[in-house]
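Structure record follows, encoded as structure tokens.
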Amino acid sequence: MEAILGFIGSYWWLGFIVAGPIVGIVGSARGWWEKQEELSHRRKLEIIEAKARAKAISGSEDLDPERIAHADAADRSARVQRLMDTHDDVARRWLDYELDPAKLIAFPTMSDGREPLTAAFLRAKKAADSARPSSAKARIDAEAYAEYRDAVHDCEAAFDVAEQEARRVRDTGFTESERQRLSRAQQLLKVAVDQSATADERQLAYRRVRDELDGLIVLSEAAVVNLEKKVAPEIER
């Protein structure tokens, strides 16, 4: 016991080193659980709403099967459209990082598929993309609808958690020298897209941005094209 107490007394400072990562992991886990609770509550509301509509239809004096089928199809189309809108919104938020080099430099883990939370989002996005109907009016059964609904909700939750973590850690996963390169790339990027600078200054800054990011962050092809359009249309890729 004395040996243990002596060790703790000598190495008490280790607690500060270990506490940071633990707090970050706990915070990410809490965010994930809170998002899951929110999605569970949303699904319960959808079920209650669907039961209320079914009750209203069954209690109606007009029980024409064709009319009931038409009303059910219209209702499902509206629900599918809301899911597709949510799906598209997540995709747009993701593209904001994919197409904007400034965001990728500021929050590099959003472009790193090796990061667990980013990888989880990419898997969820793939599942949602695969389950997506061709259109809101496409005829899908209850099982296909439930699969797409759950996939979209999971995709949205996974993105929110990955984005929250990316904004928390920022560039802390890089060494000091690498962070300095990222900082220089951010400053050079401002010059590269500054229309008040000369064409030569913008092109030189653009090339230096690419040099600073080499080996640190991989810009997508779409991000490169988007950046080159902002720098100067005549730049040869």
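Bear in mind that the values in this text are calculations on the coordinates, not laboratory data. Worth saying up front: this structure is predicted, and the values here are computed from it rather than measured. Neighbour counts are summed over all protein chains in view; Cβ atoms, including those assigned to glycine, are modelled from backbone coordinates with ideal geometry.
What is the gain in length, in nm to one decimal, between R170 and S130 on full extension, counting 0.36 nm per residue of separation less the C-alpha to C-alpha distance?
Between R170 and S130, full extension yields 11.3 nm more.
I'd like to know which of V191, A223, Y206 lies farthest towards the positive end of the charge dipole of segment 176-231, counting +1 on Cβ of Lys and Arg and -1 on Cβ of Asp and Glu.
V191
In debye, nearest 20, what is the charge dipole magnitude of segment 176-231 about its Cα centre with +1 on Lys and Arg Cβ and -1 on Asp and Glu Cβ, if you could check? Intermediate values should be presented prior to the final figure.
Details: 10 positive and 10 negative charges, 26 e Å.
So the magnitude is around 120 debye.
How about segment 71-145: which trypsin sites (Lys or Arg not before Pro) there lie in a loop by DSSP and see at most 16 other Cβ atoms within 10 Å?
R114, K137, R139
Can you figure out the FRET efficiency of D194 with D96, using R₀ = 25 Å and their beta-carbon distance, to the nearest 0.05?
Values: r = 21 Å, r/R0 = 0.84.
Efficiency, rounded to the nearest 0.05: 0.75.
Within 15 Å, Cβ to Cβ, of E212, how many net charges do the neighbouring residues add up to if Lys/Arg are +1 and Asp/Glu are -1?
Residues near E212 contribute +2 overall.
Could you please report the charge total around Q186, scoring K, R as +1 and D, E as -1 over all other residues with beta-carbon less than 11 angstrom from its beta-carbon?
So the surrounding residues net to +3.
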